[in-house]
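Written out below as structure tokens is the structure these notes cover.
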Amino acid sequence: MLNGTTPPRLFAIISLSMIIVMVIVTGLTQALFFRQSIIDRESVMVMDMANALALEHLVSVSNMENYAGIEATDRFEQGFGPLMQLSGTQQIRVFNRNFTIVWANDPALVGTKRTSHMNDLTRAMQGEVRAVFDSEQNSLDVSAQRPATPESIEIYAPIYQAKTGTASPEVMGVLSLSRSPLELNNTIRKGRYLLWMVIGIGGALLFAALYKLFVLVYSRQKIAELQFTKLTTEHNQIVQLEKLSAMGEIVSEIAHQINNPLVGVINLSQVAERDPEISAKTRRLLTAIQKSGIECSDFVQRLLRLNQAARSEPQSVHLNDLVRDTITFFHQTIGKNHTVTFTESDDNVTITVDPVLIRHALFNFIHNAILAAPDKPVAIAFVSEKHEGVSGYLLSVTDMGGGFSEEVAKRLFKPFFTTRLGGTGLGLAVAQLIAMKHGGVARAENLSGRGARFSIWLPSVVNS
Ligand SMILES: Nc1ncnc2c1ncn2[C@@H]1O[C@H](COP(=O)(O)OP(=O)(O)O)[C@@H](O)[C@H]1O
Ligand SMILES: [Mg+2]
């Protein structure tokens, strides 16, 4: 499924999924703690306020015990009454150490011991601040039997005695404050939005940084790989060049050795042919020997040319002139009937090459093109083109023949590979050798049934 995916995209998918999971998990746990910490903060605030007020209005342990007295009632009223002003406050009850309500905003409760959260009240008596969502009034319970009362949060805050000396103050009672959690919920909701936003942005930044890092590392690796491939290709080219050069030396040595006796065979058969005393049959045989000898000699001559390609004498030439000369030479040697068109370049480019060799390579291409489609025109063109970032010129020969198969394509430039009867299989190998000698490359393109294009690319500055 992921076959067509590039490594950066794959990395993006995987890392993004992981980061999303991470963000969600972090968000959920943080949201939980966040809610708790907001509630805790609110509770502590209530406790601090209650204690400050109790201290200011001199609420004492004896007031807590004799809560019915007028003085106690006054102090409670002044000490805890203002807390009713806290937004959303529904009910306030103050318990003494006997768990009796000593003051409440609803006077009817004074003297009673009512609380549904005995455990929380007890813990508050021991100095803990507690906050509970009232389960009896839970807003989640929307059943028809129970009237939908607003959810409330009840805070149990210890109230301490005024500090005397260095001893840590003792709890003298507990304030229970029941509030509508609407505002609190709003704060929590807003806080959660903020929390999710921060975690989300954090995740996005993390992803962006990771992705950028990956792309950087990946592209560096790609560049290294490319450089390695380039080096390998260059190395292979040098090996090929050396092979071709060595082969050229051997082949021309053999050709030289064969050439002299071959010339002897042709000459001697010509001499023998002129002898009036030989029979007609012998004459025919001599003619056949001569013909084969000449064919063999032609082949040897072509082999000899291979070695010429190994040596080069570069000089500055105009590419337009070079191509025109080659066409003229082709017409003189192969025949005038073949149409070879050439689209000259406007700016007559000068290039430093061995003109004999480049002409030879071009000649081989034109010859092959004519052999591929004898009655069709052959088009030569040259354009400036970059190859692996190096500027240069592409000289191409396009024919309208049958092209070549994929199998043939793999072996085209191999020395002695031919599909033609009487072919040497050296034309393209030599053309490639010549291109390489000039720091260039030879290429073959199949024009899918519409012919073939063979080209030679040469760098504009040749270091040969
Ligand atoms: N223009 C072309 N169209 C199709 N095939 C070609 C063309 N030029 C070369 N080839 C193929 O490449 C082979 C090798 O060509 P080359 O090296 O010039 O040797 P040769 O011409 O002696 O066969 C040819 O035998 C032929 O199969
Ligand atoms: Mg050929």
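The values are calculated or read from the model by the stated rules, or taken from the named source; none is laboratory data. Everything quoted here is computed from the prediction, not taken from an experiment. Here the Cβ positions follow ideal geometry from the backbone for every residue, glycine too, while neighbour counts run over all protein chains shown.
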Task: Subset of segment 408-418 (residues that are basic (Lys, Arg) and either within 15 Å of ligand 2 (Cβ to nearest atom) or part of a loop (DSSP other than H, G, I, E, B) (or both)) - done: Arg411, Lys414
TODO: Answer yes if at least one residue in segment 64-80 is out of contact with any strand residue (DSSP E or B) (no Cβ under 7 Å at 6 or more places or on another chain), basic (Lys, Arg) and more than 20 Å from Glu42 (Cβ to Cβ), and no otherwise.
DONE: yes
Task: Scope segment 350-379; condition within 16 Å of ligand 2 (Cβ to nearest atom) and either part of a strand (DSSP E or B) or of a type in the set (D, E, K, R) (or both); matching residues - done: Arg359, Val378
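Residue by residue, here is whether (1) surrounded by fewer than 18 Cβ atoms within 10 Å (Cβ to Cβ); (2) at pLDDT below 90 holds:
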{"residue": "Ala52", "(1), (2)": "yes, no"}
{"residue": "Ala68", "(1), (2)": "yes, yes"}
{"residue": "Thr73", "(1), (2)": "yes, no"}
{"residue": "Glu77", "(1), (2)": "yes, no"}
{"residue": "Val94", "(1), (2)": "no, no"}
Task: Output for segment 332-342, where each listed residue is exposed (fewer than 15 other Cβ atoms within 10 Å of the Cβ) and either in contact with a Phe, Trp or Tyr (Cβ under 8 Å, 6 or more places away or on another chain) or not hydroxyl-bearing (Ser, Thr, Tyr) (or both) - done: Gln332, Gly335, Lys336, Asn337
Open item on the list: Given the condition β-branched (Val, Ile, Thr), assigned by TED's automatic domain parsing to the domain that holds Ala361, without any contact (Cβ under 8 Å) to a residue 40 or more places away in the chain and closer than 19 Å to Ile370 by Cα, answer yes or no: does some residue in segment 415-431 qualify?
Closed with: yes
Open item on the list: Which condition from (1) within 16 Å of ligand 1 (Cβ to nearest atom); (2) out of contact with any Gly (no Cβ under 7 Å at 6 or more places or on another chain); (3) within 22 Å of Ala255 (Cβ to Cβ) is the one that Thr341 breaks?
Closed with: (3)
Task: Output for segment 60-70, where each listed residue is of a type outside the set (Phe, Trp, Tyr) and more than 14 Å from Pro169 (Cα to Cα) - done: Ser62, Asn63, Met64, Glu65, Asn66, Ala68, Gly69, Ile70
- [ ] Please state which one of Ala409, Ala452, Ala381, Ala444 is in the same structural domain as Ile334 (by TED's automatic domain parsing), touching a residue at least 60 places away in the same chain (Cβ under 8 Å) and among the aliphatic types (A, V, I, L, M).
- [x] Ala452
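For (1) touching a Phe, Trp or Tyr at 6+ places or on another chain (Cβ under 7 Å); (2) more than 14 Å from ligand 2 (Cβ to nearest atom), each residue gets a yes or a no:
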position	(1), (2)
Val397	yes, no
Gly403	no, yes
Glu406	no, yes
Gly422	no, no
Ala429	yes, no
Val441	yes, yes
Glu445	no, yes
Ser448	no, yes
TODO: Hey, can you tell me all the residues within segment 390-407 that are in a loop (DSSP other than H, G, I, E, B) and surrounded by 13 or more Cβ atoms within 10 Å (Cβ to Cβ)?
DONE: Asp399, Met400, Gly401, Gly402, Gly403, Phe404
Task: Pairs, first outside the structural domain of Leu433 (by TED's automatic domain parsing) in segment 357-368, second at pLDDT below 95 and more than 9 Å from ligand 1 (Cβ to nearest atom), C-beta under 6 Å, six or more apart - done: none
Task: Residue in segment 419-436 that is farther than 22 Å from Thr333 by Cβ, part of a loop (DSSP other than H, G, I, E, B) and within 15 Å of ligand 1 (Cβ to nearest atom) present - done: yes
- [ ] Report yes if some residue within segment 377-389 is near ligand 1 (Cβ under 7 Å from one of its atoms) and in contact with a strand residue (DSSP E or B) (Cβ under 6 Å, 6 or more places away or on another chain); otherwise report no.
- [x] no
Task: Filter result (surrounded by 14 or more Cβ atoms within 10 Å (Cβ to Cβ) and among the aliphatic types (A, V, I, L, M)) within segment 365-389 - done: Ile366, Ala369, Ile370, Leu371, Ala372, Ala373, Val378, Ala379, Ile380, Ala381
